[in-house]
Every structure is written in structure tokens, then in C-alpha cells.
Amino acid sequence: MKSEFALAFNEVVEEKQLSRDVILEALESALVSAYRRAVNASNAQHVEAKVNMDTGEVEIFAEKEVVEDVQDERTEVLLSDARVVEPEAELGDMVVMETTPENFGRVAAQTARQVIQQRIREAEREIQYEYFEKQVGEIVSGTVQAVTPRAATISLDKKAEGQMQRKDMIPRERLRVHDRIRCLIYEVKESNRGPQILLSRAHRDFLRRLLENEVPEIYHGVVEIRSIAREPGQRAKVAVSATQQGIDPVGACVGVRGVRIQAIVRELSDEKIDVIEWSKDSAAFIAKAISPARVVGVYLTEDDEEGKTATVVVPEDQLSLAIGRDGQNARLAAKLTGWRIDIKSQVEGATDALQKLREDPAYAGMAEREAEAMEKVAIMLDKKAEGRPLPPEDYDLMAKFINRVEKRVEEKRREESLEEKRRYEEALATVPKLTFEIPILDVDLKQHILFILQEAEIDSLGDLVLQMRMDPDRILSLNGVGPKSFEEIQQLTDGLRVIPGETVPEEEIPVEPALEEEVVIEAAEAEEQPDAVEVEVEEVEEAELSPEMPKEPEPVAESKPEAPAVAEEEEQVDEFDKIFSYDASKYGYFEPEKRVVDESEPEEVKPTKKKKRKKRRPAPDETDDWDNW
């Protein structure tokens, strides 16, 4: 026979819908708190509580220090008493002893009640949060507890409550207390008062889950929902497709005599649902999305700035049906397909096509071929403007004329797009790859110009060079970039060019032409690369050296064994300086590296070397006209 304690414990477990371990842990923690409060024990002292589930007896174990003389019974114990529990205990050791106070059960029942309730509430909140967090995106069933102008409170499982805001309710749907409804959990938040569960009946995923519950083909993956567009309580469009051949996706969703779809319509308060078959062809998909209106033609336009636009031409009597009440049908079709839809009647489409052929010079050739059709269409439009009816064959002729013109427009835009892509690829081929790794703020330009370029979404040097190749006027049109700054940018980017077909080593970063002169001068002065300097100088002398510039005779090798090599190298450097000029006003003054003169050389050679180095380049303050230097 179970004790009263065990019966009460089981009743609490069943009522709170918690596990036995959670309730037992909360009880033991409450007993420890009651013991600390009863004996005024320190929080630093280790205390444990154990409960006998059969008898309901409580035992408290506390950690105490082994001493010779006990001063405080709460924290100290005699050596003899300690060795009863721990035979190897010594003075100074810490031993866990049973220290259950007398009548502790009655004291604990009064003191620990509030603590036990608090722990149980915390455990309930944690279990509720973990349970409903896994249910996000799923449909749950609940009972309406309260309805206010702002929200409704729904009672859920695990004794939890969910909130459904007014924006998440279906318009014109009246909720009454104690009504049983189904909702979608779309978000769960933690709060001090427990999990905050947000519910919705207006979310499009609510319709998706209802379709999965009512249509087995969708649940098993035979039919797939591609997209959903919904205006709660009024109308919804669903695009579906079959993953297996021989399956009618629309028929599977509608059901026999519309049984399946009618069940969903009743759940959504008589919301109209259009089930449309999805298609890879965007034009065909848009034509179906405009249903129930009949479509004459769909013409697509893709632009980087304006996005994707579809022009839909419908018969004149279908225009209001295609647009819908307050533009609802067209708006839902745009959400469903992801295209911006422009709906026109046949008369409006024919007027626009006729205007293009008459005014746009790009369609002059087509206007000559369509001269007869243009005349007939103009007569039809005049009749329509006068209010006179047109026979069906005239509408057919008008539709064919619109189709020919719009197809030509599509073809022309496609050609322009291909041309733009070709220009981009050609420009990209001339930009060094390593320039895309250089941030724009590290480029050698004025600081405010760099900030202007960064605000224009030019993040690297490669982006700047590519933009200058594609459309330099865009850089010049930036606010703060003047002609001088644009000239500096142009000089910088013109030097960073890769000729298609040539291989540029990845480790070499292309530099400007003027900077290339500086690099060659440094290479000429470097003693460890005499071969490269000699080859460069010989090529320049053969191609550009004027006849008026005499070459100095080479020194005799027999009389001075070491001097000829030095003199020959100095002559090559001087000839190189004469051939190439250096614009210091644009790139800064270049201070050549001083050569270390070997003291072992003959004294007659040293003055010659110093004299030649003085003639290499004047100081910046010795001339004012750097462009003519």
C-alpha cells in the first residue's frame, strides 16, 4: 500500500504533466532551501536532500569539518563521529554527515511550498518552450479563451496560451469564446512569463499546411506547391506541379467535385482559391496566373534597373476581369509569378505598337515591311475611337500585328543585352585580375575622391578600371569629381591594361606607364641584374636613339681591367636617362639610389663616375617646366 506522500507525489506529476525526475529535483532543491533557512546555514556549505519515495521521510546531508572540539554543530563534527561515516577521516578533513533537524518534515512543508511551486512553474515553462519551438511552421488546434480588439488568446496543449494579433486574423472572421480553431505557429519567443507563442490564420504557410493535410499527393511529394499568393479572406492563388508523369496536379488539389478544395475554403471563411499549374515557360505561367481572364499575348522584358516586367495583352472585354476588383487579380498574379505585370487591352497594345513603328528610328525597316498592316490597324483604331464596333477578324488581325511588333521588340532587347554582355566581357579581359584585390581606399588618389568612389559602390581598383572601360561618363557625373580629378583617374586606369592574348604573370602587379619608367630605372641601377639592363638599353638604342646622339667609345680592357665594366654600365644608365623622360610634376620627384664606390678602383675613374651622376637628373627646383624637361 502506497503512503500518502507517494500518492500526493503522483497526483502532482499527473496534474502538472511533468516527469517524476523534474518534480523530485524541485522537491529536493526546496528541502535544501528550507534547511538553510531553518538553521541559518551558509550558502558556501554543501547540502544535499534525499527523499524516500515509499515512506516520505526526508534526510539532509551537510558537509562538515572534522575537529577535536566542536564550536558550531552546523559546520563541525568530532573525529569519533566522523569515523563512523568515514573510517579514514582525519582532523581537518571535510565529511558529509546526516544533519536532519527534528520535526524537519513539518517545517519543510511550510517553508518549501513556495519554492516548490516556483521550481515547478519554471520547469513547465521550459518544457513548453522546447515543445512549441519544434512546432514552428505547423498547424495546432486550440480553444478561444478571450477576444479583444487587438488580439485573441488561444488555449493550447501543455497548458500553454498563444496570442493571435489582429493582423494575423482573417478579416471579417468573428471569433467567439470557446470556439475550436486551427492556427499556424509562426514564431515562439522566450519571456519572463513563459514562452510567447504567436499564432496566425492569415499566413500563406497556413494555406500550405491545409493543402498538405487535405491532399495526400502533396503530403507524399507527388504534387509540389511552387508558390502561393494570398490576400486573407478574399482570394488566393496556388501554383502546383507534378513530380511524376501522368499526374494532374490541379485535379489532385481540387478533388472529385471539388471536395478537397471546398474543405479548405470553409476553413478559411469562404476564401476563393485558384489552383494553377506551374510552368517553366514564364510567359505561359503568367498567362495562367491571370486566369480566369483570357490572354492574347504575354511579352517579357528583363532589365537590371527596372527588374522583370511582363506586358499582358487581353481582349477588351476581358480587361476588367484580368485586373480584378481594385487590381486584386493582377496583384496576386504578380506575387505568384515574381514578375511586374502590365495589363493592356488589344486597342491599347495596337496603339503602342503603331506609335513605336512611326516614331522610333530603330524600327524603320520593320515599318516599311508593315506599312500595309499599319494602315489597316490605323483605320481600326479610328473606328474604335468613334465607337463603331469591329468584327472578330479585325481583332485577330490586330492581335497578330501586336505580336509581330512585340516579338521584334523582344528580339531587339535581347540583341542589346547580348551586346552589353559582350562589351562587359571584352572590358573585363583588359583589367588585371590582381586589381580586384586592391581596396579602393588604398589607391593613390585624393582621399575625398576615394570616398566618393566608395559611395558609388566601387569597392576595388578593378571595379574602377572596369567602370572606366565600360562607361567613363558615370565616373565624371559623380558629385565631387571634376575634370582634373577625372584626368588623374583616367591616367591611372589607362596604365592598368592587359592586352587579350598576352599572359600576365600573377605575381606581377601592372603599373602605370610612367611608373614603369621608374621601375626600369631601378632595375638599371641594380648591380645584381646587369643582363636585363643591357638588353633593355640595346633595344631602345636600336629603335629610338637619334643619329645626333653619339655613342661613347668603350674603354680599353687591357689598361684597366676593372674600370671598363663600371664605365660601360654608367654609360648605359646615362643613355637610358636621355631616352626616357620622367614627369616629376605628376608622379613626384624620383631620387636615384646612390652607388657605393669601391675604394680599390683607380682614382682617375672616381671623378668620372661622380660627374656623370650629377648630370643624370636636375633637382626639382632647378626647372619650372617639367613637361618639357
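Every number in this text was worked out from the coordinates using simple rules, so none of it is lab data. All values derive from a computational prediction rather than experimental measurement. Cβ sites come from the backbone with ideal geometry, for glycine too, and all protein chains shown count toward neighbours.
General remarks:
- Diffusion constant of the range 258-319 at 25 °C, which comes from Stokes-Einstein with the Kirkwood Cα-pair radius and 0.890 mPa s, µm²/s: 177
- The residues packed around residue 248, meaning those with a beta-carbon under 11 Å from its beta-carbon, carry a net charge of -2 if Lys and Arg are +1 and Asp and Glu are -1.
- Relative contact order, percent, the range 284-425 [alpha-carbon distance under 8 Å, six or more residues apart]: 20
- Residue exposure sequence - 471, 303 - by fewest surrounding Cβ within 10 Å: 303, 471
- Only the Cβ atoms of Lys and Arg (+1) and of Asp and Glu (-1) were treated as charged; on that basis the dipole of the range 4-118 about its Cα centre amounts to roughly 680 debye.
- Residues 200, 29, 320 in ascending order of nearby Cβ atoms (within 10 Å, fewest first): 320, 29, 200.
- Entries of 335/383; 384/407; 280/383; 237/383; 158/272; 335/433 with Cα pairs more than 31 Å apart: 335/383; 280/383; 237/383; 158/272; 335/433
- Solution diffusion estimate, µm²/s, Stokes-Einstein, the range 358-473, Kirkwood Rh from C-alpha pairs, 25 °C, viscosity 0.890 mPa s: 131
- Each listed q (0.11 Å⁻¹) maps to a log10 I(q)/I(0) for the range 284-425 from the Debye sum over equal C-alpha point scatterers, namely -0.46.
- Principal axis box of the range 148-270, alpha-carbon based, largest edge first, Å: 54, 29, 23
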